[in-house]
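Participant: Below you will find the structure I want to go over with you.
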Amino acid sequence: MNYGYFDDAAREYVITNPRTPTKWINYIGTLQFGGYVDHTGGALICAQDPALNRITKYITQFPASAFNGETLYLRLKHPERNAVESKEARSSTPPLRGSAQSAYAVFSPFFVPTLDQYDRYECHVGLGYTRIISEFYGVRSQVTIFVPMGGQCEIRDIQITNISQGPIDIDAIPVVEYTHFDALKQLTNADWVPQTMQSKMTSDAGCTTLVQYAFMLRDMRVNYFTSNVPASSFETDRQKFLGDNGYGTWANPLALQQPELSNYEALRGDNIAALMHHLGTLQPDESRRLITQLGQAPSLDQARPSIEKYREAAEVDRALAEINQFWVEYVAKFQVQTPDVDFNRMINIHNARQCYITKQWSRYLSLYQLGYGARGIGFRDSSQDVLAVMTSVPHEAKDLIKKLLSVQKRNGSAMHQFNPLTMIASEGDSLEREDRPHYYSDDHLWGVLATCAYLKETGDFAFLDEVIAYYEKDKQEQPLESGTVLDHLQRAIEFTYGDLGAHNLPRLGFADWNDTINLATGAESLFTANLYGRALRELIELSKYRGDAAAAQKYGEYYAAMRTSVNQHAWDGEWYVGYFDHDGTPLGSKQNQYGQIQLNGQTWPVMSGFAADERAAQALESAHRLLNTRNGLKLSWPGFNGFDPAYGGVTTYPPGAKENGGIFLHTNPWAVIANVLIGNGDRAYEYYAQINPAAKNDRIDEYECEPYVYPQNILGDEHPQFGLARNSWLSGTASWMYQAGTQYILGIRATYRGLEIDPCIPKSWRGFKATRQFRGATYHIEVLNSEGVNRGVLLATIDGATQDSALVPDFADGREHQITVVLGAVA
Ligand code: GLC
C-alpha cells in the first residue's frame, strides 16, 4: 500500500492519505529559526537551539491524532448545512460534525485534530515548505507553511475557497501552543514554569498581535503570533480555549462554539495564541487569503518590520520564491539521469535535501531526536554530514568545520558534541560510566576527512592556515591554546598514533562509530584502525599535493605500521574481526556466540586500503553471505540475546534491532563504496537500490517511515517486524548514500587536481548523463557503456579533445564544458 506519490517535476512528495503509519515530517527554516512540520500541520519550532529556545510545544509521544504545536480550525455556521455540498462530490459529502444544537461546525483542514472525513487531502512535502491542500464540507483550503530565508518567523499562507454551490459564512481560527523556552523544564517542572508564562495582546493597523514570553525574558526576547486580517477576538489561555475547565478537547474546543473568543491575556498557565477571523460570506468559487506569522524577536518593536513585511501577500510570494530559488540552485550543483528513476529522484532531489537537513540539525531535532539538550551537534555526526554538502554550500560547510574543530582538544581528541547556542561541549554518554574512558576513539579522525573533502571541492588551501582555538579554556573562559587548521588535523592523527593497545591497534575509548559497543578500558577497535588509515591516506595525499615530502613520508610510515597490525592480528580466516576486548578476546569472530561478524569490520578495511585484494574480496563476500537481506545489510550477526554489561549498549536491544543485528542503514553505503573499490558495480548498485526509500513507496505498511528520506534503522530479519524503519531524517545514511551514489557509483569526485570521473555502475546501465558544478564551472558529463561493463574508462573527451583518463582539470573559467566518457573492458 502507498500513502502518496513522487512529483519529480515539482520536487515534491505528495501524501494523499493522512493516516500514515507514523507521522511524516518536513523541515522548514534552519537552526537559526525553524524546525519541523508534520503532514497534519503540527509543528515544532525553535530558534538557535531546541533545548534552550523552543517555541511551540510538540510532544512526539502524543498519539498521531492529537493536536501538536499548531493547527488551524475553520468553522461554518449551522444550520446552513445544505448549502455547503461540494460540487464534485455532492452525494458523498458527509454531514457536518457537531450536534444539531451546536451553533457552528468546526473542523481542521489538516485532518488533525478534528479527524473529519475529507474529500481530498494532499500534503505536498516540498523543499523548504509544506503545502496542505484539502477539501472538507465544500471548503478547499491550501496552506503553505515555511520560514523565509534568513527570517525569524514561520509563515502560514492560508487560502480558503468555497467549492460548494451556495454561499458559506466561514471563520478561520489558527492556534499555536507555546512551550517554556527551556524545553526540558517544561516537562519537568509544573510549578515554576506555568507561573512564568505570559501573553499580551496588542493591535496595530487593525490587526492583532499576541505577544508571549517567559517573564524573565520579557525585556529581551518575545514570541509573537499575528495575521494580516483583522481578528475580532483572541485567546491566550489553553484551558479557556478548550473550555469546561479544560475538559473540552482539541478535537472539539468549546470556545469555538461561542461567537467570539474570550480576549483573555494569560498571566500564567498553558499559553496559546488563537485568533478569530471572520472571513465573511464566500460565494461559490470565491477565495480569501489569510497569512499568519509565528515569530521571535528581541522585542515587539524589533519584530515590526518583519510583521509588516509578511502581512503583504506579495512579500510572502516573494519569500517563497526565494526558497524555491535557493533549492533550485542547491540541487543544480549535481543532477543526474540514469535508467533508475528512484536513484535519480533521490540524488537529484530528496537525498540532496536530506543532506542539507542533517548538516543543519545534526542529530538534534526530529521525531526521534527530541532536542532536549542531551545531544546537541555531534562531532562525529556533523563531520560526516558535511561531506555531502561541499558542492552545494561550501561556505556553510567551512563554517561548520570551524565550529567542529573548535571543540577539538589540545591532545587531538575531540569533545563528542556541543550545544550550538552556547558552544559548550561535552563528552556525551561516555560520562555515564565512571570506569570507562571519556572519549570516543573515532570522533577527531572524522575532522580530517571533512577538512580534506572541503579542500578538494574548493581548492581553498588558505583554510589550512586559519587559526582555531582548541576547546580547553582558562578561568576567564579564554582558550588555553590555538592552532592552525592543519595543526588540528595533525594532532588528530597524533592522538590515535599515541593511543594504541596490546595489538598496536587503536584503543576503543568509550566507543567508536558504534556507540553501543562499550568494552572495558583497554579494548581495541578495528573500526578506528581503519578510519585512522583512511585519514592517513588523506593526509598523505594532501602532504604530497602541497609538496611536503617529510609529512607524506611520516604518515606513510604510520599507515604501513597500522596496515601491518590490522592484517597480522585481525584476520579471522574468512573475515576481519571488529574489536579486541581488554583481555584480548575478539568480538566479530567465529569464536563468538553473538556478533560473530560485523559489517564495518569488512567494509572499512577496504575503505582504508588495508585489505589486500584477496582479503578485501573475501571479507565482502562473507558480509554478503551472512549479513545481507532484501531490506539491507545487517550491522552484525547473530544478535545478542540478553543484556550483558560486558558489552554494554548493544545488548540493550532485542536481536535484529538497531546496532544489535539490525539494518543500521548508515553502514550500508560503506558496503556500496567498498564494493565499488573492488570493482563490483553490480553488487554496489544492488546494495544501493535495496535500501532506496523511494523504491519502497508501495511497501509502506511494512516500512512505515517517509519514502522520501533515509531512516537510521530498519529491523533486521532476526526480528519479527523485519523491514520496519525508524528514526527517519537525521542519519549519517543521508550523507553516505549521497557520496556512495555520486562519488562512487557515478564516480564523479572532486580531487586536488580536478574533477575525476571513474564510474562503477551496473552492467545493465548503458550509460548516464550528469551535470556537476565544480569550482564555478559547469560540467555536462555523458558516460557511455555500450559494452556493458561495470567500470573502466577507455577514453574521454573534454570539449572535444580526447584523452585516456577522465580527470577534468579545474578550468576555473566559470563556463560550461562537455565531457564524454566511454567505458569498456580496459586491457
Ligand atoms: C547514531 C549516532 C551516531 C553513531 C550511530 C551508531 O546514529 O548518531 O553517532 O555513529 O548511532 O552507533
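Participant: Need one value: the accessible area of residue 634 in square angstrom, 1.4 angstrom probe, rounded to the nearest 10.
Facilitator: 10
Participant: Tell me, in nm to one decimal, what length is gained between residue 481 and residue 827 on full extension, where the rule is 0.36 nm per residue of separation less the Cα-Cα distance?
Facilitator: 119.1 nm
Participant: In terms of solvent-accessible area of protein heavy atoms at a 1.4 angstrom probe, what is the ranking of 363, 563, 19, highest value first?
Facilitator: 19, 563, 363
Participant: Listed highest first by mean packing, meaning other Cβ atoms within 10 Å per residue, what order do 32-38, 1-7 come in?
Facilitator: 32-38, 1-7
Participant: Related question: With the cut-off at 1.5 for a/c, could you classify the range 645-768 from its C-alpha gyration tensor as rounded, prolate or oblate?
Facilitator: prolate
Participant: Mind ranking 623-632, 807-816 by how tightly packed they are, going by the mean number of other C-beta atoms within 10 angstrom, highest first?
Facilitator: Descending mean neighbour count gives 623-632, 807-816.
Participant: Same structure, new question: What do you get for the angle between helix 526-545 and the principal long axis of the chain? Use alpha-carbon atoms, 0 to 90 degrees, nearest ten.
Facilitator: Long axis of 526-545 versus the principal axis of the chain: about 80 degrees.
Participant: On the accessible surface of the range 581-733, probed at 1.4 Å, how many percent belong to carbon and sulfur atoms?
Facilitator: Taking all protein chains in place, the range 581-733 shows 48 percent carbon and sulfur surface.
Participant: Of all DSSP beta bridges in the chain, what percent run antiparallel (nearest 5)?
Facilitator: If we restrict to bridges inside the chain, about 95 percent are antiparallel.
Participant: Now for a different question. Once you have the Cα-Cα distance between residue 721 and residue 66, take 0.36 nm times their residue separation minus that, and quote the gain in nm to one decimal.
Facilitator: 233.2 nm
Participant: Which length gain, in nm to one decimal place, applies between residue 287 and residue 614 when the Cα-Cα distance is subtracted from 0.36 nm times their residue separation?
Facilitator: In short, 110.8 nm is gained.
Participant: Let me ask something additional. Restricting to DSSP H runs of at least four residues, report the calculated mean residue ellipticity at 222 nm for the chain, -39500 (n - 2.57) per run over all residues, nearest 500 deg cm²/dmol.
Facilitator: Using -39500 (n - 2.57) per qualifying helix, the result is -7500 deg cm²/dmol.
Participant: Check residue 417: other-chain or 5+ apart residues with amide H under 5 Å from its amide H, H built from backbone geometry?
Facilitator: 379, 426, 428
Participant: What ranking do 445-454, 749-758 get when scored by the average of other Cβ atoms within 10 Å per residue, highest first?
Facilitator: Peptide ranking by packing, descending: 445-454, 749-758.
Participant: Residues with amide H under 5 Å of residue 795's amide H, sequence separation 5 or more or different chain, H placed in the peptide plane at 1.01 Å from N; which?
Facilitator: 822
Participant: Can you tell me the orientation of helix 313-332 relative to the chain, as the angle in degrees between its alpha-carbon axis and the longest Cα principal axis, to the nearest 10?
Facilitator: Helix 313-332 sits roughly 20 degrees off the main axis of the chain.
Participant: Over the range 528-610, what is the relative contact order in percent, taking alpha-carbon pairs closer than 8 angstrom and at least six residues apart?
Facilitator: Once normalised by length, the contact order is 31 percent.
Participant: Here is a follow-up. Please list, ordered by chain and number, the residues whose modelled amide H lies under 5 Å from the amide H of residue 138; skip anything fewer than 5 residues away on the same chain.
Facilitator: Amide H to amide H, under 5 Å and 5 or more residues apart or across chains, residue 138 pairs with 86.
Participant: Once phi is turned into θ = phi - 60°, what whole-Hz ³J(HN,Hα) does the Karplus curve with 6.51, -1.76 and 1.60 give for every residue of the range 367-383, x standing for Gly and Pro?
Facilitator: 5, 10, 9, 8, x, 8, x, 5, 10, x, 8, x, 4, 5, 5, 5, 4
Participant: May I ask for the net charge around residue 398, where only other residues with Cβ less than 11 Å from the Cβ of residue 398 are counted and Lys, Arg are +1 while Asp, Glu are -1?
Facilitator: In short, -3.
Participant: Next question. State whether the range 256-326 is rounded, prolate or oblate according to the following rule on the C-alpha gyration tensor (a ≥ b ≥ c being the square roots of its eigenvalues): a/c under 1.5 gives rounded; otherwise a/b larger than b/c gives prolate, and the remaining case gives oblate.
Facilitator: oblate
Participant: Would you mind checking the pairs 359/763; 333/398; 333/403 and listing those with alpha carbons more than 27 angstrom apart?
Facilitator: In this structure, 359/763 exceed 27 Å between Cα atoms.
Participant: Efficiency by 1/(1 + (r/R0)^6): what FRET value for residue 494 and residue 462, r their Cβ-Cβ distance, R0 = 22 Å, to the nearest 0.05?
Facilitator: E(calc), rounded to 0.05, equals 0.40.
Participant: In percent, what relative contact order does the chain have, based on Cα pairs under 8 Å that are 6 or more apart in sequence?
Facilitator: 9
Participant: With every protein chain present, what is the per residue accessible area of the chain (1.4 Å probe, Å²)?
Facilitator: 35
Participant: Which FRET efficiency value, to the nearest 0.05, do you get for residue 120 and residue 326 by plugging their Cβ-Cβ distance into 1/(1 + (r/R0)^6) with R0 = 25 Å?
Facilitator: For residue 120 and residue 326, the calculated efficiency is 0.25.
Participant: Moving to a separate point now. For the chain, rounded, prolate or oblate, judged on the Cα gyration tensor with a ≥ b ≥ c (square roots of eigenvalues), a/c < 1.5 rounded, else prolate if a/b > b/c?
Facilitator: Verdict is prolate for the chain.
Participant: I would also like to ask the following. Tabulate in residue order the Karplus-calculated ³J(HN,Hα) for the range 395-408, using 6.51 cos²θ - 1.76 cosθ + 1.60 with θ = phi - 60°, rounded to whole Hz; enter x for Gly and Pro.
Facilitator: Here the 3J(HN,Hα) series is 5, 5, 4, 4, 4, 5, 4, 4, 4, 4, 5, 6, 10, 7 Hz.
Participant: Any chance you could give the angle, 0 to 90 degrees and rounded to 10, that helix 485-497 forms with the longest Cα principal axis of the chain?
Facilitator: 60
Participant: Give, as ranges by residue number, the residues of the range 4-46 whose backbone N falls under 20 Å from the point 7 Å along Cα→Cβ of residue 341.
Facilitator: Counting only backbone N, you get 4-17.
The values are calculated or read from the model by the stated rules, or taken from the named source; none is laboratory data. No experiment lies behind these values; they were computed from the predicted model shown. Note that we place each Cβ from the backbone using ideal geometry, even for glycine, and neighbour counts take in every protein chain shown. Heavy atoms of the whole protein, side chains included, go into the accessibility calculation; ligands, DNA and RNA do not. Shrake-Rupley method; radii C 1.70, N 1.55, O 1.52, S 1.80 Å.
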